[in-house]
Amino acid sequence: MRRRIADIVAEGALFVLMLMAIAMMFFYAPIESEMGIVQKIFYFHVPLAWNAFLGFAIVFFASFRYLATRDPKWDARAVSAAEVGVLFTTLVLITGPIWAKPVWGIWWTWDARLTLTFVLWLIYMGYLMLRRYVESPERRAVLAAVIGVTGFVDVPLVYFAIRWWRTQHPQPVIMGGEDSGLDPRMAATLWVSTAAYLLLFTVLYRRRLALENLRNDLDTLRAEREHNQGVRS
Amino acid sequence: MNMLRTAGTVLWKDLRIELRTRDAIGAAFVFSLLTMVIFNFALDTNTPEMRRLAAGFFWVAFAFSGTLALNRSFALEKESGAGRALIFAPVDPAGVYLGKFFANALFLLITQLVVLPAFIVFFDATVVASRWWALAASFVLGSVAFASVGTLFSAVASNTRMRELLLPLLVLPVTVPALIGAVETTAFALGASDSASFWFRLLLVYDVVFVTVSLLIFEFVLEE
């Protein structure tokens, strides 16, 4: 029961914080002088990206813990973080090009950060797909954890490979440093928005975790019933 | 039995199977040729700019045909319960991984060597005379990179209902850094760039990292 109350409080806080973030984006933060109104997408895009990376870090940690302890709760945590992480990454990959087309003049460029995000999306889609095709819950958890660990080890290698590859082949579009001359009101908005998305991540993650636990309980009950029926007949 | 003896036994077993059937290398070789034919129709490959991209064509063909050979590695163990025997055998799982990994790396390398003449003919590629060592290093390091992750994920995929379909989806994103490194080092050997020392180091780091991680984690895949 206490857990329910904590969730309700968190979801109430999320509602308020999200409204506040949106209000700040449109009424408090100034309109960017060169990009205009389209720059506002960054208050969604950047917090989504940061929290997606957080999700994949949780997948790595939980997978590692699962292999060490074989406790199913770590597997439930890993899959919940992976799903929310993939959802956030999908939104990052959609909001990015919407911004890039009017500002850079192109939808997509194979820049280090873009490519890394896309490759991460592919790795964790593979992770989620793998889970669908293994029947036994323990086997599923073990195999998924193997991908969860190996996939994350790949992240720095992908990043350095693509960054070096880019510096050798310069692009027409060059992004300035993110904080270069950022207006303090813009920075404040970005931080409030980041907090709002962190809370959104937490709420979604906890809901997904509760669902995963319900599913596991249901599987256990079904298995017990089948076992009992087998004993009786 | 210690780890290396286990590895040797598994390697010898896979080599003998491949010598008798030639399934993995044969399929990968024909598939590579087919990819080159498709490239030729999809793009006009006989222009000077395209020749500069030849290394890319080679590794794309190889990345796809390589997953065919890797799939075979553990599909083999599903036949007549051979995989179960491997699990129950009182040997170090890391040794089983090493044996499988050496076999796969060798098959991939042989495939590259067989495909190389066809590639040179089709794309009018010339290896710079003083850079044959770079080509050899590129092939060896690239094969090891694909075999390290590929062997681990082939074992993972063979445990699923999707089997063969899942392997490329898992292997290709994770091997992106290795693929970039392999393309750049081969391009260097073909004279398309002046230096590739960063890429050789990247490939080497990739190989060390993924062989180590796979060795440590393989025991979890090899259980019922």
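Where a number appears in this text, it was derived from the coordinates with a stated rule and is not lab data. As the structure is a computational prediction, the values presented were derived from the model and not from experiment. Reconstructed Cβ throughout: ideal geometry from the backbone, glycine too, with neighbour counts over all protein chains shown.
Selection among A:F118, A:W164, A:G105 by position relative to the dipole of the stretch A:40-171 gives A:G105 as farthest towards the positive end (Cβ unit charges, Cα centre). For the stretch A:1-119, the equivalent ellipsoid derived from the Cα gyration tensor has semi-axes of 32, 23, 8 Å, listed largest first. Between A:H45, A:M18, A:I31, whose Cα lies farthest towards the positive end of the dipole of the stretch A:1-50 when Lys and Arg beta carbons carry +1 and Asp and Glu beta carbons carry -1, centred on the Cα centre? The listed residue farthest towards the positive side: A:M18.
For the stretch B:3-221, the dipole from Cβ point charges (+1 on Lys and Arg, -1 on Asp and Glu) about the Cα centre works out to 460 debye, to the nearest 20. A straight line joining the Cα centroids of the stretch A:126-142 and the stretch A:1-75 runs 26 Å. Take chain A, connect every pair of alpha-carbon atoms lying under 10 Å apart with a spring to form a Gaussian network, then pick out the residue of A:W165, A:W191, A:W74 with the largest mean-square fluctuation. Taking springs between Cα atoms under 10 Å, the residue moving most is A:W165.
Counting Lys and Arg as +1 and Asp and Glu as -1 over every other residue whose Cβ lies under 12 Å from the Cβ of B:L166, the net charge comes to +3.
FRET efficiency for the pair A:L91 and A:E226, taken as 1/(1 + (r/R0)^6) with r the Cβ-Cβ distance and R0 = 45 Å, rounds to 0.65. In this Cβ point-charge picture (+1 for Lys and Arg, -1 for Asp and Glu), chain A has a dipole of about 620 debye about its Cα centre. Here each label is just a point 7 Å from Cα along the line to Cβ, and for A:M129 and B:I17 those points are 2.4 nm apart. Once you treat every alpha carbon in chain A as an equal point and sum by Debye, what is log10 I(q)/I(0) at q = 0.10, 0.12, 0.13, 0.17 Å⁻¹? Those come out to -0.58, -0.79, -0.90, -1.28, one per q.
Under 13 Å from the Cβ of A:M24, count the other residues' Cβ atoms, weight Lys and Arg +1, Asp and Glu -1, and hand me the total.
Residues close to A:M24 contribute a combined charge of +1.
Taking chain A as a Gaussian network of alpha-carbon nodes connected by springs under 10 Å, the highest mean-square fluctuation of the residues A:R215, A:R113, A:R140 belongs to A:R215. Split chain B at each of the trypsin sites (Lys or Arg not before Pro) in a DSSP loop with at most 14 other beta carbon atoms within 10 Å, and the longest piece is B:23-160.
Charge dipole of the protein assembly as shown (Cα centre as origin; +1 on each Lys and Arg Cβ, -1 on each Asp and Glu Cβ, all else neutral): 840 debye, rounded to the nearest 20.
Other residues within the sphere of radius under 14 Å centred on the Cβ of A:F60, judged by their own Cβ, net out at 0 (K and R +1, D and E -1). With N counted as the residues of the stretch B:3-221, its alpha-carbon radius of gyration over 2.2 N^0.38 Å works out to 1.03.
Just to be sure I understand: with springs between alpha-carbon atoms less than 10 Å apart, which residue in A:S63, A:S33, A:S193 has the highest mean-square fluctuation in the Gaussian network model of chain A? Highest fluctuation of the listed residues: A:S33.
Note on the protein assembly as shown: the alpha carbon radius of gyration divided by the globular reference 2.2 N^0.38 Å gives 1.11. Of the residues B:L98, B:L141, B:V183, the one whose Cα sits farthest toward the positive end of the charge dipole of the stretch B:3-221, with +1 on the Cβ of Lys and Arg and -1 on the Cβ of Asp and Glu, is B:L98. Only helical runs count toward this figure. For chain A, summing -39,500 (n - 2.57) over DSSP H runs of n ≥ 4 and dividing by all residues gives -28500 deg cm²/dmol at 222 nm.
Under a crude label model (7 Å from the Cα following the beta-carbon direction), how far is B:E79 from A:E34 in nanometres? Between B:E79 and A:E34, the label points sit 6.2 nm apart. Under the criterion of Cα pairs below 8 Å and six or more residues apart, the relative contact order for the stretch B:149-224 equals 34 percent.
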